[in-house]
């Protein structure tokens, strides 16, 4: 049952909202009647998304660097000052690197940890106490299938997304007593600009991500956003899309050794193709 009508009149912050999943979430939330603060380091992109959003809710853009705890806290404080509450926190901003682990610099490791892990931590640290005070709210953290399963050539990304899954599931067990929900989003390759970013050397992202996750076509961000809102309304712990990804996840839990062997062979194939 679709219960997204329950979101009417609520307030939300979306990080990484200028494109991809964040932009799709902003549009879906506004359509569902939510008052959204769409944030991104790319303010012009966030403004373009909010200007185009249509629905019963509203959207405003704000420049936000999730690696700055102060920036995130200020965004939460601004929403609470205006609306007296924050109902939904979408910790969605993320980056990726694709390539051999030995080629990653420490600067790249630090960058992906800062955005993908600390960015989520900053969102939780700012929003969760407010939601406890309210006695309600929902935190949504964007991870990945890379947070449920592992394959090489994207080791730094997998590391950060496993951290996000662990944080989300642990926090969910604490937050329930306060009336706060937590959902972690673990999609396979989504049709966003991130598919074509983060390559190191001769590796190419889009084909790698699709083949590596066993899907022919990337997930539609608009469809994923709708699934996320449905999961929030129903207080579900996971969103895993598409169906093939859910099957792969379950198979991996039943036969982890076989999945590891398959992943090792896939890495060998990708290395051969990149030469």
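Each value in this text was obtained by applying a stated rule to the coordinates, not by laboratory testing. Predicted, not measured: the structure shown is a model, and the values here were computed from it.
Shape summary: segment 4-274 maps onto an equivalent ellipsoid whose semi-axes, from the alpha-carbon gyration tensor, are 31, 19, 17 Å in decreasing order.
Rg to Rh for segment 63-183: what is it, with Cα atoms only and Rh by Kirkwood? Taking Rg over the Kirkwood Rh, I get 1.02.
Evaluated at 10 °C with a viscosity of 1.306 mPa s, what Stokes-Einstein diffusion coefficient in µm²/s does segment 1-116 have when Rh comes from the Kirkwood expression over alpha-carbon pairs?
D, rounded to a whole number, is 107 µm²/s.
Helix 69-83 against the longest principal axis of the chain: what's the angle in degrees, Cα atoms only, rounded to the nearest 10? The angle comes out at about 40 degrees.
Using only the alpha-carbon atoms, how far is helix 119-134 inclined from the longest principal axis of the chain? Give it as 0 to 90 degrees, nearest 10. The two axes meet at around 30 degrees.
Between residue 68 and residue 103, what is 0.36 nm times their sequence separation minus the Cα-Cα distance? Round to one decimal in nm.
Result for the pair: 9.9 nm of gain on full extension.
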